[in-house]
Amino acid sequence: MVKASGKRKQRIKWSKLYTFSCLNPRTTDNDAPNQQLLGQPGFSRVVFCNQPELHKIKPQKYPSNYVSTTKYNFMTFLPRALFEQFRRVANLYFLLGAALSIPKLAPFSPASMITPLVFVVGISMLKEAIEDWSRFLQDMDVNSRKVKVHSRNGSFVEKTWKELSVGDVVKVNKNENFPSDLLLLSSSYEDGVCYVETMNLDGETNLKLKRSLEATLSLDDDVEYTKFQATIHCEDPNPNLYSFVGNLEFNNGTYPLSPTQILLRDSKLRNTEYVYGVVIFSGPDAKAVRNSTRSPSKRSRVERRLDYLIYVLFLLLVMISVVNSIGSALVLKSEAAMWWYLRLQENADSPLNPSKPVTSFFLQFVRSLILYGYLIPISLYVSIEVVKVLQAMLINKDMRMYDELSGKAVEARTSNINEELGQVEMILSDKTGTLTCNQMEFRKCSIEGISYGGEINEVDLAASRRMNVDVERYRISIDGSDSTGESIEMFEYSVAEADAKQAVLGCDHAIENSDIEHRRIPASGKEPNIKGFNFRDDRLMDKMWIHGSNVHDMIMFFRVMALCHTGIPVEDGNSKRLKYEAESPEEVTFLIAAQEFGFKFCQRTQSVMFLQELEPSSGIEVKREYKLLNLLEFNSARKRMSVIVSNEAGEIFLFCKGADNIIFDRLADNGRIYQQATTAHLSNYAEDGLRTMLFAYKKIEVVEYESWNTLFTKAKATVGTEREELLEHASEMIEKYLFLLGAVAVEDKLQKGVPECIDKLAQAGLKIWLLTGDKRETAMNIGFACSLLRHDMKQFHLVLSKEAESSHQLKAVEEDILSQIRNSYQEIVKGNKKDVPSALIVDGKAMEVALRSEISNQFLQLAVMCDSVICCRVSPKQKALIARLVKEYTGKTTLAIGDGANDVGMIQEADIGVGISGMEGMQAVMASDFSLPQFYFLERLLIVHGHWCYKRISKMILYFMYKNVAFGLTLFYNEIYSNFSGDDLYDDWYMVLFNVLLTSLPVIALGVLEQDVSADVCLQFPALYQQGQRNICFSWKRIFGWILNATLSSVAIFTVTIYIFSPAALRQDGKVADLAHIGTIMYTCVIWTVNCQIALIVTHFTWITHVLIWGSILCWYIFLVLYGMLPPEHSQGGFHILIEAIGTAPMYWIVTFLVVVVTLLPYFIFSIIQRSFYPMDDQVIQEIKYGRTDVSNKPMWLREQQNSRKRTQIGFSARVDAKIRHLKERLRRTKK
Amino acid sequence: MEGDGESVSSSASTALVAADVDARSILVLRGGRSKAMYQFTQQSLPACKPVLTPTSVISTLFLMGIFCIPIGLLSLHASLSVVEIVERYDSECVPHQFRLNKVAYIKDSLIPKNCSRYLKVPKYMKAPIYIYYQLDNYYQNHRRYVKSRSDKQLRYGLQYNDTSSCIPEESNDGLPIVPCGLISWSLFNDTYSFFRGTDELRINRKNIAWKSDRDHKFGKHVFPFNFQNGTLIGGAMLDPNVPLSDQEDLIVWMRTAALPSFRKLYGKIEEDLEANDVISIYFLNNYNTYSFGGRKKLVLSTASWLGGRNNFLGMAYIAIGSCLIVLALVFILLHVKNPRIIIT
């Protein structure tokens, strides 16, 4: 009990610390003018607190808290899903065909038209239903979460979320989500504040402070609610997250409400034991729910082009139908009367009535449309669906995209856009949780001008390795050629330079050396022992620093670390070490680091901070007390924070930490001893993407402090607008003449494999934009850490200037941004000639202006030119807007990746949305098309699976079109020979089986198993990915090429067969072939041709492929035999056809062979010529692999890999390259 | 002059990764079936990856060419060994006075349709010699014509009454016509008889239809009792006492041809014909091809293992074969002149 109350006290202090803030604006009275709106339309909601039963009847009946994200329900599923299905043009076309087949107009039986349509539509609807079902389950999961609700007499019972109704009083505990939009009544803190994490709403990780009304503060215990009654008048449900208008009538008083009192659904209670709240907006009315958009159904680029291809085929279809029907009409008109044996005048069959050629024309036209329907096969859609589902399954099952830590695998949540993965050109990435783990680590520090914590970064290491290899190579080539003279000298110089950069060059020695250095930095992959502390340096650790020369400054450094912060210690179970909680995660790492160095911050009271310090002279830990006199807060304008403390001896110190330029400006002349060395270290740290901060201190004389303090207190007491100015001025007065102690570097820890992944993606020609809600400095740090930014890059900052911002004139602001854009653009155009890499860093406010329609084009033009783009302080809405604009402006495939609810807009807007299924909420994953447990899986997902899927789908569609056109056209040629009467050459069953059994399975094998190159090669040659970006596998050139090929094939099949089989005897017994025989023979040729054609396309034959291709051909013969065995009234022309007639004719087999050779020859020759003289990258690699040259000539293989990389300015390798260039440049200069 | 020891680091690391994954995969594997499943899901099924290298291409082309030419020669030889005599008789058999109005001639049933022609056998013809009649510009493949039959009726006769597909030749006096439909109605009715000198050559008119047709498709108990009884007579009459399964002329005719120019088997001469034998043929020129400008021909032909005379097949094979060989040579030339260099 005692302990509990103690904890509570601590809590209070913790909360006070925040309220201590001297610069927080007051928000409560801002909304007063809005109060008059209440009762007006749009502001008419009334909530009776603690009387939920009143809201179950009219007129105040509000929806329950049940939230549904499903598209359909049991009633609406059928009509709506059907409507969705028949919105697709192709389906409508098939429906038309099926409808026309009923009145016997069609050449086929209605069943053969309707069954496949039902199948296709059914499958798609089933898919919809399953997807909707999983959404339903997800909803159920959310809706059945538990929350404590006041039932009566002060007792709280657990209820599911969906049972909540407006007016309910709920009690939410720490780390729980709010079930709906609540009005905060009171919290575990006495002053009614609570901390809320709004990560899911805006992606910001810092905690937000909410505060209850004073009037409701007393409602802080369960029993208080027995008699509690109040009425809220407020706005109607709306999606605006940052506004709320309303008032509370309670205890005969009326109190205005503001957003400060509103706890939004989808946010989380943090650092607060519990809160009481009353439900205002439930279920679908909640602001977060209103903000969510239904995920749009996405279609891939290939599929969109497929639509156009369908139009082309439809045009072809209409053309040949017109030819056919015109032919039919003409023939009827001119000659039909003479054909006495047809007796056309006695018209039973109206389409062929010679006296009505126009009617006949139209009827024949309709019939032809159906007959040649094979040009637009319904089975294409079935096959694509099947293939995509299988592809998605293979993506899901890939072991190399399985994260063992979280036990999650990659999940393709929709299978619609697999192939789009192979065409991505832009990646829009979130930062926190996506690139970084949202975890800070103390990495390095520079004290007294000496850097601790490892000296060499990975880039230097890699550069030195590479250069060593180069040196090795030069050395080998010394004998023989003269041209290497220069490089030998270079090598010598580089050895001489070894001191300039430790371990840059110098062969074995250097490698050894660098390895030792490397070992000093713990491998980034390894989990450090202490969370937030990834630092190892023998000189500082284990109290070793006490043996240093200038211990005094070191102690002061550690004191700054341990005292200048807003954190509080938290006991951590059994461990001797303390844990800390603080406003910013960096402060936590400082406190942890200070603890490790022997300065444990162990307690804080309102005005005293306790440290357990290591006494360097004795090596014993002493507990010391520091009186906290003032705390000058950190904010983005000041970029520094100070504390003024007095120690036990009464000495007053000011400890200050802050950004480098700020601190450097405020140093005393004698405080700059370490400035030069520290600056050098800082730039190194920054290059590595570490977040740096300087530490400084000064001693203040008591008199000086007293006089200043009166000034400061006065400023603090001031009410009104000058208050801020006065405070600022007062701080300015004391924070100067500082003494620089050193710097610390904190790493915003990257997710596993992020730099490597970005490197690979950059090499594959992808552009990566970083969109983050974080501030600019943080974003840039990460930019450096991920190698998106480089030291030698030209940086363009797009920031709203102060004047423009204050002028509040839209015009001026736009002018300002526009001129910035223009200037940057000019410079880039100039710089591009000199090959200067450039980066654009845009601030959220500037972004808002730049994305306005008038300027956005110029802005995007600039942004696209830059090698990397970083947008900071962007809102979720802006993210979505950027995604849309980039997609529209560049016309390139855009992928958005993020992990939080704030990325949902972007994820839905982009062509492909990827969600990181990390620790945070599921919103991003739910909205995404693919979910990854780790960012670095993106590399494999795009470069391997994307590449494969794209090529597979493209090849598959082209081939599918080929086989159907080749088949369909033979029907058309037959019409020419049969007087355009509309007869079909083949048996109905042959026609049906063509797409169902005899040619469909190899296509699926192609779409699932085909690999142009293996996964390893894909990763080794990221440039292969550009085939998808340039869309070379599904270009119009290719499409028309294949249509041409199909036409040639059909002509060859038809003419060869017809010429050979007419009219002489088929066999030795003098029997001739009739319609059924010729149809079957021709059909055999078609089956052989299309199946052999696919064998020519496939480059990767697994046994499955073999079985399916050759099995399909075999199937045809088996079918013929079985079909022939049916009673003649079923098999008709096919009766005994293979066994008795054509199978026994040698001619049949000989002709089949001939036709296959003739039809495939054009494609074969084309592909030989293309391969030999205009080979594509993948074909070259195939050849190298085939000849095993990659094993026999390794250097060539590696060089090919080097060459195949796209030249890029971002990524780790680019940085290494730049470093090497830089070093070489330096060597050359030294030489001169 | 390339260095050897330069590639160590990167390849070593990839090897490490691969080994790691393999090790993991072994953990997963338990049985043989799961191994195949694993390979499938990891897309690492063993596969052959043929590549069109110059050598393989050239040898493929060459081999195919080598393979095609002999087939072509054989086929051509077979085709050339066939002796074929084609005699067009439709215009010659119309008496001079009717030459300007052939349709009136053929439609007038009172005018006798007898006609005779002489043929000289150019080469020795070994029995069996097949007699065909050939019709040109006759659309047996017309949709209306093709559909105008009832297979069930042909097999079951009057037990099967639905003759709607046979319109307009479906019924007569309320009874379905057997066999119904336009095809049978327009049955070819020219007849031929052959004499060598004065000896009549025996024509075997049995076994000219497919066996399956005779045995299964045309009923043994179906008799054409009311065939050609209507107002409009199309072609030949049938003997109402012979079941359909024995009406081989009809069965042959009912096998509709795929092209507007077709031959149908009339009978077989089972005697050898010597070269320079003169054959006199007596026609009954009944069938009306004059309305639509069709032609009638009589064909006498022997058959080889490949069937009738058809030089196209052999020629095509030879052409393709030579084409392939020429292509192979061209590619050899190109390859020699411009050898494939992978390294650029």
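The values are calculated or read from the model by the stated rules, or taken from the named source; none is laboratory data. As the structure is a prediction and not an experimental result, all values here were calculated from the model. Virtual Cβ from ideal backbone geometry, glycine too; neighbours counted across all protein chains shown.
General remarks:
- A:Gly753, sole failed condition from (1) at negative phi; (2) at pLDDT 85 or above: (1)
- Any hit, region A:170-183, residues being of a type in the set (Lys, Arg) and crowded, with 17+ Cβ neighbours inside 10 Å: yes
- Whichever residue in region A:982-1034 is among the β-branched types (Val, Ile, Thr) and either within 38 Å of the chain's Cα centre (by Cα) or within 12 Å of another protein chain (Cβ to nearest Cβ) (or both) and, among such residues, is farthest from A:Leu369 (Cα to Cα): A:Val1017
- Scanning region A:184-217 for residues that are buried (at least 18 other Cβ atoms within 10 Å of the Cβ), within 22 Å of A:Thr254 (Cβ to Cβ) and more than 33 Å from the chain's Cα centre (by Cα) turns up A:Leu184, A:Leu185, A:Ser186, A:Gly192, A:Arg211, A:Ser212, A:Leu213, A:Thr216.
- Here B:Val336 meets the list (1) within 11 Å of chain A (Cβ to nearest Cβ); (2) among the aliphatic types (A, V, I, L, M); (3) farther than 30 Å from B:Val103 by Cα almost entirely, failing just condition (1).
- Exactly one residue out of A:Gln1182, A:Gln1170 is loosely packed, with under 15 Cβ neighbours inside 10 Å, within 50 Å of the chain's Cα centre (by Cα) and more than 30 Å from A:Ser787 (Cα to Cα), and it is A:Gln1170.
- Odd one out for A:Thr1152, checked against (1) closer than 24 Å to B:Tyr317 by Cα; (2) modelled with pLDDT of 90 or more; (3) polar (S, T, N, Q); (4) in contact with a Leu (Cβ under 9 Å, 6 or more places away or on another chain): (4)
- Single unsatisfied condition, A:Gly982 versus (1) at pLDDT 85 or above; (2) crowded, with 22+ Cβ neighbours inside 10 Å: (1)
- Among the residues listed as B:Ile325, B:Ile341, the single one being modelled with pLDDT under 95 and more than 10 Å from chain A (Cβ to nearest Cβ): B:Ile341
- The listed residue being crowded, with 23+ Cβ neighbours inside 10 Å, in a helix (DSSP H, G or I) and among the hydrophobic types (A, V, I, L, M, F, W, C), out of A:Ile1043, A:Ile1060, A:Ile1004: A:Ile1060
- Of all the listed residues (A:Lys830, A:Lys845), the sole one being basic (Lys, Arg) and without any contact (Cβ under 8 Å) to a residue 12 or more places away in the chain is A:Lys830.
- Total residues in region A:973-999, condition assigned to a helix (DSSP H, G or I) and more than 15 Å from A:Ile1078 (Cα to Cα): 9
- Every test in (1) acidic (Asp, Glu); (2) in contact with a His (Cβ under 6 Å, 6 or more places away or on another chain); (3) at pLDDT 90 or above is passed by A:Glu706 save one, and that test is (2).
- B:Ser79 being modelled with pLDDT of 50 or more, closer than 30 Å to B:Asp190 by Cβ and facing chain A (nearest Cβ under 9 Å): yes
- Among the candidates A:Tyr225, A:Tyr276, residue that is part of a strand (DSSP E or B), crowded, with 19+ Cβ neighbours inside 10 Å and hydroxyl-bearing (Ser, Thr, Tyr): A:Tyr276
- Close pairs from region A:127-150: first in contact (Cβ under 8 Å) with a residue 60 or more places away in the chain, partner part of a helix (DSSP H, G or I) and among the aliphatic types (A, V, I, L, M), Cβ under 9 Å, at least 6 apart: A:Lys127/A:Val389; A:Asp132/A:Ala81; A:Arg135/A:Met926; A:Gln138/A:Met926
- The residues of region A:390-443 that are in contact with a helix residue (DSSP H, G or I) (Cβ under 6 Å, 6 or more places away or on another chain), in a loop (DSSP other than H, G, I, E, B) and acidic (Asp, Glu) amount to a single one, A:Asp430.
- The selection criterion, being touching a strand residue (DSSP E or B) at 6+ places or on another chain (Cβ under 9 Å), surrounded by fewer than 16 Cβ atoms within 10 Å (Cβ to Cβ) and modelled with pLDDT under 80, holds for A:Arg577.
- Unmet requirement for A:His1100, which otherwise passes all of (1) touching an Asp or Glu at 6+ places or on another chain (Cβ under 6 Å); (2) without any contact (Cβ under 8 Å) to a residue 12 or more places away in the chain; (3) closer than 19 Å to A:Tyr959 by Cα: (2)
- Filtering region A:1134-1144 to residues that are more than 7 Å from every other protein chain (Cβ to nearest Cβ) and crowded, with 21+ Cβ neighbours inside 10 Å leaves A:Gly1134, A:Ile1137, A:Leu1138, A:Ile1142.
- The residues listed here are A:Thr1089, A:Thr1080; of these, the one that is under 20 Å from A:Phe1153 (Cβ atoms), away from chain B (no Cβ under 14 Å), crowded, with 24+ Cβ neighbours inside 10 Å and over 35 Å from the mean Cα position of the chain (by Cα) is A:Thr1089.
- Residue match in region B:155-168 (condition: surrounded by 22 or more Cβ atoms within 10 Å (Cβ to Cβ), more than 21 Å from the chain's Cα centre (by Cα), modelled with pLDDT of 90 or more and over 21 Å from B:Leu273 (Cβ atoms)): no
- Flag if A:Glu1200 is charged (D, E, K, R) and under 32 Å from the mean Cα position of the chain (by Cα): yes
- Scanning region B:278-308 for residues that are in contact with a helix residue (DSSP H, G or I) (Cβ under 7 Å, 6 or more places away or on another chain) and more than 10 Å from chain A (Cβ to nearest Cβ) yields a total of 0.
- Checking each residue of region A:652-673 against the condition of being at pLDDT 90 or above, within 17 Å of A:Lys699 (Cβ to Cβ) and β-branched (Val, Ile, Thr) gives at least one match.
- In region A:218-233, residue nearest to A:Gly39 (Cα to Cα) [restricted to those that are within 44 Å of the chain's Cα centre (by Cα) and either β-branched (Val, Ile, Thr) or modelled with pLDDT of 85 or more (or both)]: A:His233
- Single residue of A:Ser1112, A:Ser1131, A:Ser1167 found to be at the interface with another protein chain (Cβ under 7 Å from one of its Cβ atoms) and not basic (Lys, Arg): A:Ser1167
- Checklist (1) within 11 Å of another protein chain (Cβ to nearest Cβ); (2) of a type outside the set (Ser, Thr, Tyr); (3) free of Cβ contacts under 8 Å to residues at least 40 places away in the same chain applied to A:Glu1200, failing item: (3)
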